[in-house]
Amino acid sequence: MKTSRISGFYKLTPEERLKVVAEFSELTEEEIELLKKSKITLEKANAMIENVIGTFELPIGIATNFKIDGKDYLIPMVIEEPSVVAAASHGAKIARVKGGFTTHYSSSIMIGQIQVVTDNPHSAKFEVLRHKDEIVERANEIESSIVKLGGGCKDVTARVIEGKKPMLIVHLLIDVKDAMGANFINTVCERVAPFIERVTGGKVLLRILSNLCTHRIAYAKAIFDKKAVGGSDVVDAIVTAYEFAKADVFRCATHNKGIMNGVCAVLMATGNDFRAVEAACHAYSAMQGKPLTHYEVNEDGDLVGYIEIPISVGVVGGVRANPIARICLKILGVNSAGELARVVASVGLAQNFAALRALVTEGIQRGHMELHARSLALSVGARGEEVEKVVEEMLREGISVSKAEEILRRIRNVDQL
């Protein structure tokens, strides 16, 4: 039986870790070689964006220990920040004691917005709602696999914005199934815009999706065992730290940033638009007036964590353009956009819990600085066993490029690097 609880995974060499992941995910030899090279060809890159001159690489790490709705996952994460992958793995390990993460996904409905500028916005709203069925019908005349699979426009709403230039905002509620859906939604909005102009007598200006996908919410919950967390004092301290974020917008921004460390890393690994999700999450937090996570203590004294985030992700279409993203999706083993969204929410909760626990105990810098020292050791040319020696000395004597160079010279017994 597959398990993501892999003891000592961090102690393995990159090659040994890749072997473990390859067995877990049944990667082919070709996929293994592609991960080793971890390089997008210039030809492929040129097909993805404009004015290509090269590629830019980031590390892919694997978060272990995740059990989500009874299923074990290895989580690919693409990020440059030290300690994030380790923190997510540690958070998942503690959640695993009480069964891991339980999740829910509301729907795959996205919002397409059509802005109608008119001197008679209330009359325009009446006409849009009166012609709602016809708008839905026209929207779904588009030739698309999404419509063929049962997706497409499901409903129409409208609201008036009063002001110097009165306007009507029409919302098309569109089921995008397993796609992120941006291109499809924009096409649908453009398709029905002329008809909306005709029935309202107004002028349509913007026709575009909203990234604030309030109908596409992923929820996750985990019980963090009191003993595994560090005792009732640590549990109470984490709740107090959460209350700080709930009461203070300056802390809330950093609290949410920690969540997005995990969320964006998984989105990048799977080729999804992490900027869209980040924009949605921060807007949703502001709209709710609270952080994206919530913590409380249950009757057993355990810490219970919840996360609620709007998340537009896909497992089909453009996300598969990058061959490395396709492999990362295979490692995850997700079968739908909803499953991916639930995994991402779980990672966000694990990441936030681990950060709060570190903050109220040893402080966040301990893990950061050790990994920072490792990066500096590598940057000055340390290799093999030299790296550990340089890191160990830097943690005692101070962490800087000059100190790393000095220690490496001492180890090698040379005058200069």
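What the table below lists for this structure:
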read-out: Relative contact order (percent, whole number), the chain, Cα cutoff 8 Å, 6+ residue spacing; value: 19 percent
read-out: Debye intensity ratio in log₁₀ form over the Cα atoms of region 366-412, taken at each q of 0.16, 0.24, 0.26, 0.27 Å⁻¹; value: -0.30, -0.70, -0.83, -0.90
read-out: Shape category assigned to region 319-358 from the gyration tensor of Cα positions, a/c cut at 1.5; value: prolate
read-out: Top of GLN113, GLN351, GLN288 by mean-square fluctuation, Gaussian network on the chain, Cα under 10 Å; value: GLN288
read-out: Pair-distance profile P(r), taking every C-alpha pair of region 5-157, with 10 angstrom steps and integer %; value: 8, 22, 20, 22, 17, 9, 2
read-out: Candidates SER107, SER123, SER25, ranked by Gaussian network fluctuation over the chain, Cα under 10 Å, top entry; value: SER123
read-out: Relative contact order of region 295-417, pairs being alpha-carbon contacts under 8 Å that are 6 or more residues apart, as %; value: 16 percent
read-out: Those GluC sites (Glu not before Pro) in region 1-51 that DSSP places in a loop and that have at most 12 other beta carbons within 10 Å; value: GLU26, GLU50
read-out: Separation in nanometres of the label points that stand 7 Å from Cα toward Cβ, at LYS19 and ASP119; value: 7.8 nm
read-out: Loop sites in region 136-183: GluC sites (Glu not before Pro), DSSP, at most 11 other Cβ within 10 Å; value: GLU143, GLU162
read-out: log₁₀ of I(q)/I(0) at q = 0.12 Å⁻¹ - the chain, Debye sum with one point per alpha carbon; value: -1.05
read-out: Spin-label zone in region 184-214 - amide nitrogen under 13 Å from a point set 7 Å from the Cα of ALA279 along the C-beta vector; value: 186, 207-213
read-out: Listed residue (GLY150, VAL360, VAL277) projecting farthest to the positive dipole end of the chain, Cβ model; value: GLY150
read-out: Cα→Cβ-extended label distance, 7 Å offset, between GLU296 and SER402, nm; value: 5.4 nm
read-out: From phi via Karplus (6.51, -1.76, 1.60), per-residue ³J(HN,Hα) for region 284-291 in Hz, x at Gly/Pro; value: 5, 4, 5, 5, 7, x, 7, x
read-out: Region 1-62: chymotrypsin sites (Phe, Trp or Tyr not before Pro) falling in loop per DSSP and having at most 15 other Cβ within 10 Å; value: PHE56
read-out: P(r), alpha carbons of region 109-210 - 5 Å bins starting at zero, rounded %; value: 3, 15, 27, 25, 15, 9, 5, 1, 0
read-out: Net length gained if the chain between LEU395 and ALA247 were fully extended (0.36 nm per residue, minus Cα distance); value: 49.7 nm
read-out: All lysines inside 25 Å of LYS203 as judged from Cα atoms, apart from same-chain residues fewer than 8 positions distant; value: LYS125, LYS132, LYS154, LYS164, LYS165
read-out: Extension gain (nm, one decimal) between VAL199 and LEU42, 0.36 nm per residue minus Cα-Cα; value: 51.7 nm
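Every number here is computed from the coordinates shown, using simple stated rules; none is lab data. On a predicted model such as this, the values are computed, not experimentally measured, just so you know. All Cβ positions, even for glycine, are placed from backbone atoms using ideal geometry, and neighbour counts span all protein chains on display.
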